[in-house]
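The structure appears below as structure tokens.
The values are calculated or read from the model by the stated rules, or taken from the named source; none is laboratory data. Model, not experiment: these values are computed from the prediction. FYI the Cβ positions are ideal-geometry reconstructions off the backbone, even for glycines, and counts take in every protein chain you see.
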Amino acid sequence: MEIPKIGENLTEDHKKFLEAFTKSCRHSIIAMLKNSQSGHPGGSLSALDYLALLYSFIIAQTSEKVIVSNGHISPAVYSTLAELKIIPKDDVVETFRKIGSVYEGHITRHVNGIDFGTGPLGVGVSVAAGKAWSEKHNKTGRYTYGVMGDGEAQEGQVHEMILFANKFQLDNFIVFVDYNAVQLTDSLEETMPIDIPAVFAAGGWDVIECDGHDYDQMWNAIAKAHESNGKPKVIVGTTIMGKGVPFMEDDGRHHKPTWHGKAPKPDECDEILEGLKVSDEERALIDEFLPSIKWSPKNSEYRKVLENVEVDVGEPIVHPVDEVTDCRGAYGKALLDLAKRNEKIVATTADLRGSVMTKFVAAELPEQHIEVGICEQHMISMAGGLSLMGHIPFASTFGAFLTSRPKDQARVNDINNTNVKMVATHCGLSVGEDGPTHQAIDDKGIMAGHLNTRVIEPADPNQTDRIIRYVASKYGNFYVRMGRHKFAPIAKEDGSPFFDKDYIYEYGKCDVIREGSDLTIAASGACVIEALKAQEELKATGKSVEVVACSTIKDFDDTILESIKKTKKVITVEDHNPYNGLSSGLARHMTLNGVCPEKFESLAVTEYQLSGQPLELYAKAGIDADSIVKTVNSIL
């Protein structure tokens, strides 16, 4: 079969092929649901005609990227891939949604031909926008396609994505909205009315409306969407939920949500399958098309977390111990150095470049800096898309925003094995006068719950520099948190920088900053400085305290346990709550390793604080040097 070129009309043979192709796909969808007795038939059947057209005549020829954001229509996606012989049809039908099968209820990267696993609505279109940005940035001339549901447009993240795509003039980005006017609960009109064409038009997009079951109209819409005019394109395809199954179509035409997430009973499936039998003539049309497929996607690579990445990490910047500075400034300078050495490193932030210090990259390498505006959810999903295109994105905002607003987006990235470096500043009480809404005191635990994300907190600006270079060189998602206030870098007892040019960071590393024998102070972040102040004061009274800087709460090397075994007493100090921070993380680690100290105390933030200067807040919360001294004296 001769594949139609974009801009040419479809022939009757093309349309007959598509009718046969989608009939076979609908048969597969119902067969899947019969076996699984769970799934989402309604949207799968309504979006299928566009998916068949897109994948057959474009993706199968170009291998361009498609992200299906409404991941619950997995039966439609799997059936399309199966009909193209990308995945085995029998396996899909027999194992859909069953234990041990890669054919999960929502689309997943474990399946050939799927570039990103989705489920929570709104995420996928941001990922797709990131991929489109990458294609345009690299001047490949390739398009990126997104697919979403109509109710999905109610998600705030979709609106963030609309703004982003317009700002960066992603005219290589085409999104299809399956406008069947039905949601899970009720009709679109009853659940939450939204004028989808008007929303996209207001965001600066070209809006193309068509019948989502008319191949001629959809093909013409795709051709129009390929016109290069500096605007992203959205095709709003009017469809019928349950298309192709008469009794489902009837509910769909009346905008009833009956078949959104309900599988037909086995006997109903048998009746439907009988009506969807593919004739020999129809099968011949499909078979005639198969040799024209140029696309042969391989299994998505799920890379090992902490695997080495080819990156020029450069030479460390050593901040002198008499220089009062902050960790965020050290982050910005290290990031600029890395970006100069590696074009694939990209900095992105949400209207805070001057605060999170990506401003250095923005000023010197604007083509490697992405300003997304106040759109944190989009930023993290977009960064996930960038990372799977070979970029190494550093996404930065305040800790209170990065771990709360886009928490779900970070979780979906975690599931998709992306390579996003999330760097949060202004964490803890260190943010100071901004008050409790901006004092992130639960952020470490939030990110630590993500199974493939590593959480790190540097102790000073010099360790920050080493950690930023380290995370750039290792695969996986990282959350690096730091405070706002300034202090002098940590010094050795001889007055030289502790984290000097020869210092090498490894994930989970704990560092003995000062040796002692009576008690261990395990501290994180800026609280290491407070622990060192306390150590000096206690030393003058004859008490020998060992200060250990702990860089993470999930994994610890042998250093901290050896210290606790020696002193048999430990105090944790952190600018964070104790319930899912260093205190709880270390307690778990000690228990699992059979280490039971004679005394364990936790100094942490246990109440929301109001405004004040950082060290005033530290004192009020009981995590400053004086509080440490008082606690040590109560133990020794």
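Tabulated data
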| item | result |
| --- | --- |
| Filter result for Ala225 (assigned by TED's automatic domain parsing to the domain that holds Phe57, touching a strand residue (DSSP E or B) at 6+ places or on another chain (Cβ under 8 Å) and under 12 Å from Ile174 (Cβ atoms)) | yes |
| Close pairs from segment 454-477: first touching a residue at least 24 places away in the same chain (Cβ under 8 Å), partner of a type in the set (Asp, Glu) and crowded, with 24+ Cβ neighbours inside 10 Å, Cβ under 9 Å, at least 6 apart | Val455/Asp443; Glu457/Glu574; Glu457/Asp575; Pro458/Asp465; Ile467/Glu457 |
| Subset of segment 255-275 [in a helix (DSSP H, G or I) and either without any contact (Cβ under 8 Å) to a residue 60 or more places away in the chain or closer than 20 Å to Asn180 by Cβ (or both)] | Asp267, Glu268, Glu271, Ile272, Glu274, Gly275 |
| Any hit, segment 446-459, residues being buried (at least 24 other Cβ atoms within 10 Å of the Cβ) and within 17 Å of the chain's Cα centre (by Cα) | yes |
| Test: residue in segment 287-303 that is farther than 30 Å from Trp133 by Cβ, part of a loop (DSSP other than H, G, I, E, B) and out of contact with any Gly (no Cβ under 6 Å at 6 or more places or on another chain) | no |
| Only listed residue being in contact (Cβ under 8 Å) with a residue 60 or more places away in the chain, over 24 Å from Pro614 (Cα atoms), more than 20 Å from the chain's Cα centre (by Cα) and part of a loop (DSSP other than H, G, I, E, B), chosen from Asp500, Asp494 | Asp500 |
| Which listed residue is within 30 Å of Glu19 (Cα to Cα) and among the small types (Gly, Ala, Ser), from Ala165, Ala198, Ala202, Ala181 | Ala181 |
| Ile240 surrounded by 16 or more Cβ atoms within 10 Å (Cβ to Cβ), within 19 Å of Met148 (Cα to Cα), touching a Gly at 6+ places or on another chain (Cβ under 8 Å) and aliphatic (A, V, I, L, M) | yes |
| Considering residues of segment 540-562 that are of a type in the set (Val, Ile, Thr) and out of contact with any Asp or Glu (no Cβ under 9 Å at 6 or more places or on another chain) only, the residue farthest from Asp511 (Cα to Cα) | Thr541 |
| Helices (runs of 4 or more DSSP H) contained in segment 370-484 and holding at least 1 residues under 29 Å from Pro497 (Cβ atoms) | 399-402, 443-448, 461-472 |
| Residue among Leu586, Leu561, Leu603 that is within 24 Å of Ile490 (Cα to Cα) and in contact with a Gly (Cβ under 8 Å, 6 or more places away or on another chain) | Leu603 |
| Subset of segment 243-259 (residues that are surrounded by 17 or more Cβ atoms within 10 Å (Cβ to Cβ) and either out of contact with any strand residue (DSSP E or B) (no Cβ under 6 Å at 6 or more places or on another chain) or over 14 Å from Ser44 (Cα atoms) (or both)) | Lys243, Gly244, Val245, Met248, Glu249, Asp251, Gly252, His255, Lys256, Thr258, Trp259 |
| Residue in segment 95-112 that is within 23 Å of Lys294 (Cα to Cα), touching a residue at least 24 places away in the same chain (Cβ under 8 Å) and touching a Pro at 6+ places or on another chain (Cβ under 9 Å) present | yes |
| So Ala534, is it part of a strand (DSSP E or B), outside the structural domain of Val420 (by TED's automatic domain parsing) and not β-branched (Val, Ile, Thr) | no |
| From Glu537, Glu574, residue being charged (D, E, K, R) and under 29 Å from the mean Cα position of the chain (by Cα) | Glu574 |
| Exclusive hit being in contact (Cβ under 8 Å) with a residue 24 or more places away in the chain, closer than 20 Å to Ser387 by Cβ and among the hydrophobic types (A, V, I, L, M, F, W, C), set Ala82, Ala129 | Ala129 |
| Members of segment 590-614 found to be part of a helix (DSSP H, G or I) and either surrounded by 18 or more Cβ atoms within 10 Å (Cβ to Cβ) or in the same structural domain as Glu433 (by TED's automatic domain parsing) (or both), listed by number | Met590, Pro614 |
| Filter pass, Glu310 being part of a loop (DSSP other than H, G, I, E, B) and under 15 Å from Pro366 (Cα atoms) | no |
| Filter pass, Thr95 being surrounded by fewer than 22 Cβ atoms within 10 Å (Cβ to Cβ), out of contact with any Asp or Glu (no Cβ under 9 Å at 6 or more places or on another chain) and either under 18 Å from Thr258 (Cα atoms) or among the β-branched types (Val, Ile, Thr) (or both) | yes |
| Inter-residue pairs, beta-carbon under 6 Å, first over 19 Å from Ile467 (Cα atoms) and in segment 302-324, second of a type in the set (A, V, I, L, M, F, W, C), 6+ apart | Val324/Ala488 |
| Failed criterion for Ala153 (all others in (1) surrounded by fewer than 20 Cβ atoms within 10 Å (Cβ to Cβ); (2) aliphatic (A, V, I, L, M); (3) in contact (Cβ under 8 Å) with a residue 24 or more places away in the chain hold) | (1) |
| Only listed residue being of a type in the set (Ser, Thr, Tyr), touching a Lys or Arg at 6+ places or on another chain (Cβ under 7 Å), within 22 Å of Glu315 (Cα to Cα) and surrounded by fewer than 23 Cβ atoms within 10 Å (Cβ to Cβ), chosen from Tyr503, Tyr470 | Tyr503 |
| Residue count, segment 17-43 (criterion: surrounded by fewer than 20 Cβ atoms within 10 Å (Cβ to Cβ) and either farther than 18 Å from Lys243 by Cβ or in contact with a strand residue (DSSP E or B) (Cβ under 7 Å, 6 or more places away or on another chain) (or both)) | 4 |
| Segment 196-216, subset among the charged types (D, E, K, R) and assigned to a strand (DSSP E or B), residue surrounded by the most Cβ atoms within 10 Å (Cβ to Cβ) | Asp206 |
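Residue-wise test of (1) touching a Leu at 6+ places or on another chain (Cβ under 8 Å); (2) over 21 Å from Ile196 (Cα atoms).
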{"residue": "Ile222", "(1), (2)": "yes, no"}
{"residue": "Gly230", "(1), (2)": "no, no"}
{"residue": "Val245", "(1), (2)": "yes, yes"}
{"residue": "Lys265", "(1), (2)": "no, yes"}
{"residue": "Ile272", "(1), (2)": "no, yes"}
{"residue": "Glu282", "(1), (2)": "no, yes"}
